[in-house]
Amino acid sequence: MSDIKQVQDEIIDEFTILEGDRESTIYYIMELGNRLDPFPEEARLDENLIKGCQSKVWLSTGEKDGKVIFKADSNTDITKGLISLLIRVLSDRSPKEIIDADLYFIEKIGMGNIIGSQRSNGLSSMIKQMKLYAIAYQTKLKV
Amino acid sequence: MTLDIQNIRGEFPVLHQEVNGKPLIYLDNAATTQKPSAVLEALSAYYTQDNSNIHRGAHTLADRATRSYEKTRAMVREFLNAKEEEEIIFTKGTTEGINLVAATYGRKFLQEGDEIIISTLEHHSNIVPWQLLCEEKGAILRVIPINDQGELLMEEYDKMLSSKTKIVSVVHASNALGTINPVREIIEKAHKVGAKVLLDGAQSSAHLDIDVQALDCDFFVMSAHKLYGPTGLGILYGKREILEAMPPYQGGGEMIKEVTFEKTTFNDIPFKFEAGTPNIADVIAFQKALEFINAIGKPAIRAHEEELMAYAEEKLAQIKGFIPVGTADQKVSVISFLINGMHPFDIGMMLDANGIAVRTGHHCTQPLMGRFNIEGTVRASFSVYNTKEEVDRLCESISKIAKLKNK
């Protein structure tokens with residue numbers, strides 16, 4: 001499996017092909033969202049909603065062989081696409097990898113310009129929440 | 001009369017730009033309209049030639065600024081057909097106008113058990129100030145329900161009215177759906193039970209001829225920025241005898257007659273309600289916005305906007321998955337809609353990628369969205385400078401977006 005850096009570089013390459021065309025980029029992000037694994041209905045709980053997102057985002061976590069598995073969903077397709085990128089980079093990683101991850105791809109693909117300031121804040125909230133889960137798992141796994 | 005729209009567009013510098021590589025199509029006019037060059041030039045001219053504080057200075061610049069400031073008041077009086085200039089109060093905006101009335105008239109004249117009537121269509125700014133007042137006074141807020149088209153159920157309003165009703169505060173035209181309310185009937189009926197009526201004219205004032213004397217409303221509020229004027233300026237009209245009976249809103253300079261540490265006497269209206277240095281530059285520049293509207297005439301503006309809206313509605317109705325929200329018989333030029341299977345935020349972003357500016361979300365009318373069991377809508381709102389070609393591009397974009405989920 002590729003490491004966090006490799007996956008980020010792959011994403012950067014994919015977005016480079018879109019040549020910064022806003023419409024194509026948005027459609028591509030939505031398509032990525034459609035490919036996201038179905039979200040487990042039993043995890044669609046208010047306690048799994050991420051605070052700070054304008055649209056609804058549910059994030060659930062699990063652990064397998066010392067790695068954190070993220071699953072997520074949203075009521076808007078663009079947000080779902082954004083989460084799918086984060087999941088591609090951060091899911092199925094060790095807590096340490098997630099905590100240490102420098103997510104440079106977000107800036108490299110010009111995400112801030114594409115999604116605007118409000119959604120950027122939402123994206124930051126998602127990343128923060130994913131890292132917090134990783135910290136919790138790290139503590140739990142050490143015990 | 002056919003308007004020369006290209007000529008009108010020439011007066012709006014902001015319209016001539018590309019957004020995301022596409023020519024800008026500005027369809028968020030219900031949020032704020034763009035400003036003609038004359039308004040921008042007046043702002044600049046004021047600061048470069050006349051800047052000074054009004055009503056006090058003993059010098060030429062102050063005199064020029066004062067005259068010009070008061071000239072706007074005279075023009076607004078004419079615009080609303082108020083009886084007297086003193087009935088025109090400059091505020092920060094529609095929101096402040098409503099808060100002013102709630103905090104002064106409401107605090108002085110409302111008692112426990114009194115009732116305030118608003119409607120389901122209200123913007124948060126015509127809900128929250130009354131809720132605060134009700135909480136403070138132990139008064140009761142009552143809400144006129146609507147039908148599925150987004151029209152007020154007038155028979156329910158009739159049932160609500162009683163001697164307990166002290167204030168009826170309703171929107172003239174809904175910002176979220178466009179519905180034009182039967183305000184003359186509302187006012188007449190309210191007056192029969194002795195209630196005062198405030199009309200929220202934020203959306204109506206740019207499209208409909210307003211005659212506060214013919215309407216017989218007790219208060220009328222609006223915002224300059226939705227009338228091709230600057231932001232940060234609003235108008236509160238109130239009938240003289242009511243304004244005179246009201247206590248001041250804020251204390252400070254301008255609003256006083258005489259101050260001693262023992263007692264202060266207050267200035268006459270309108271100055272009683274204009275504490276502190278007002279928004280002089282924007283008030284003066286607003287003249288040019290009013291001149292712009294007067295030169296075209298509201299009937300011509302409305303006719304053009306209605307033509308665009310009818311054209312858009314007909315085209316949009318043919319798109320598979322298009323769901324209009326709010327289909328009142330009488331509407332200002334607002335189209336609120338959803339697309340089956342899609343979130344309004346996503347639709348808004350995809351339109352923006354095509355250079356089309358619309359509003360998405362709850363439009364500060366969460367209770368109204370709740371009435372339709374939705375979180376929000378996409379809203380396209382038309383102004384005098386919009387064109388049929390722009391409507392064509394809007395419909396093409398929506399059609400393409402709708403196909404993603406409605407094959």
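The values are calculated or read from the model by the stated rules, or taken from the named source; none is laboratory data. Keep in mind that this is a model prediction, so the values were computed, not measured. Methodologically, a virtual Cβ is constructed for each residue, glycine included, from the backbone with ideal geometry; neighbour enumeration extends over all protein chains shown.
Taking the criterion of being among the small types (Gly, Ala, Ser), over 29 Å from B:Val384 (Cβ atoms) and at pLDDT 95 or above, would at least one residue in segment B:245-259 satisfy it?
yes
For A:Gln54, only one of the following conditions fails: (1) in contact with a strand residue (DSSP E or B) (Cβ under 9 Å, 6 or more places away or on another chain); (2) closer than 22 Å to A:Gly112 by Cβ; (3) within 14 Å of chain B (Cβ to nearest Cβ); (4) surrounded by 20 or more Cβ atoms within 10 Å (Cβ to Cβ). What is its number?
Among (1) in contact with a strand residue (DSSP E or B) (Cβ under 9 Å, 6 or more places away or on another chain); (2) closer than 22 Å to A:Gly112 by Cβ; (3) within 14 Å of chain B (Cβ to nearest Cβ); (4) surrounded by 20 or more Cβ atoms within 10 Å (Cβ to Cβ), the lone unmet condition for A:Gln54 is (4).
Which residues, counting only those in segment B:144-185, are in a helix (DSSP H, G or I), more than 29 Å from B:Gly361 (Cα to Cα) and in contact with a helix residue (DSSP H, G or I) (Cβ under 8 Å, 6 or more places away or on another chain)?
Passing the criteria: B:Asp158, B:Arg184, B:Glu185.
From the list B:Ile116, B:Ile98, pick out the single residue that is β-branched (Val, Ile, Thr), buried (at least 22 other Cβ atoms within 10 Å of the Cβ) and in a strand (DSSP E or B).
Result of the check over B:Ile116, B:Ile98: B:Ile116.
Kindly provide the set of residues from segment B:196-224 that are part of a loop (DSSP other than H, G, I, E, B) and farther than 21 Å from B:Glu96 by Cα, ordered by number.
Of everything in segment B:196-224, those that are part of a loop (DSSP other than H, G, I, E, B) and farther than 21 Å from B:Glu96 by Cα turn out to be B:His207, B:Leu208, B:Asp209, B:Asp211, B:Asp216.
Report the residue count in segment B:225-248 for those that are outside any loop (DSSP other than H, G, I, E, B) and surrounded by 20 or more Cβ atoms within 10 Å (Cβ to Cβ).
Selection size over segment B:225-248: 8.
Kindly indicate which of A:Ile106, A:Ile135, A:Ile99 is surrounded by 19 or more Cβ atoms within 10 Å (Cβ to Cβ), more than 14 Å from chain B (Cβ to nearest Cβ) and out of contact with any strand residue (DSSP E or B) (no Cβ under 7 Å at 6 or more places or on another chain).
A:Ile106
Look at B:Thr104 and say whether it is closer than 20 Å to B:Lys226 by Cβ and of a type outside the set (Gly, Ala, Ser).
no
Could you list all residues from segment B:335-391 that are more than 10 Å from every other protein chain (Cβ to nearest Cβ), out of contact with any strand residue (DSSP E or B) (no Cβ under 7 Å at 6 or more places or on another chain) and not hydrophobic (A, V, I, L, M, F, W, C)?
B:His362, B:Thr365, B:Gln366, B:Pro367, B:Gly370, B:Asn373, B:Ser383, B:Tyr385, B:Asn386, B:Thr387, B:Lys388, B:Glu389 - these are the residues of segment B:335-391 that are more than 10 Å from every other protein chain (Cβ to nearest Cβ), out of contact with any strand residue (DSSP E or B) (no Cβ under 7 Å at 6 or more places or on another chain) and not hydrophobic (A, V, I, L, M, F, W, C).
Counting only residues that are closer than 19 Å to A:Lys5 by Cβ and either under 12 Å from the mean Cα position of the chain (by Cα) or of a type in the set (Asp, Glu) (or both), how many does segment A:102-143 have?
The total comes to 8.
Could you run through segment A:18-33 and say how many residues are outside any loop (DSSP other than H, G, I, E, B), more than 10 Å from chain B (Cβ to nearest Cβ) and over 10 Å from A:Leu82 (Cα atoms)?
Selection size over segment A:18-33: 1.
Got at least one residue in segment B:312-332 being closer than 30 Å to B:Ile144 by Cα, surrounded by fewer than 18 Cβ atoms within 10 Å (Cβ to Cβ), in contact with a strand residue (DSSP E or B) (Cβ under 6 Å, 6 or more places away or on another chain) and of a type in the set (Val, Ile, Thr)?
yes
Having 3 or more residues that are within 30 Å of B:Asn147 (Cβ to Cβ) and touching a residue at least 24 places away in the same chain (Cβ under 8 Å) is the bar; report the helices (runs of 4 or more DSSP H) wholly within segment B:249-356 that clear it.
Fully inside segment B:249-356 and qualifying: B:298-317, B:344-353.
Would you mind telling me which numbered condition in (1) crowded, with 21+ Cβ neighbours inside 10 Å; (2) part of a helix (DSSP H, G or I); (3) free of Cβ contacts under 8 Å to residues at least 60 places away in the same chain; (4) not β-branched (Val, Ile, Thr) A:Leu85 fails?
Here A:Leu85 meets the rest and fails (3).
Please go through (1) farther than 11 Å from B:Leu27 by Cβ; (2) in a strand (DSSP E or B) for B:Ala380 and return the number of the only condition it doesn't satisfy.
(1)
Scan segment B:264-283 and tell me whether some residue there is over 24 Å from the mean Cα position of the chain (by Cα) and among the hydroxyl-bearing types (Ser, Thr, Tyr).
yes
I need a count of the residues in segment B:51-74 that are crowded, with 18+ Cβ neighbours inside 10 Å, touching a residue at least 40 places away in the same chain (Cβ under 8 Å) and part of a helix (DSSP H, G or I).
5
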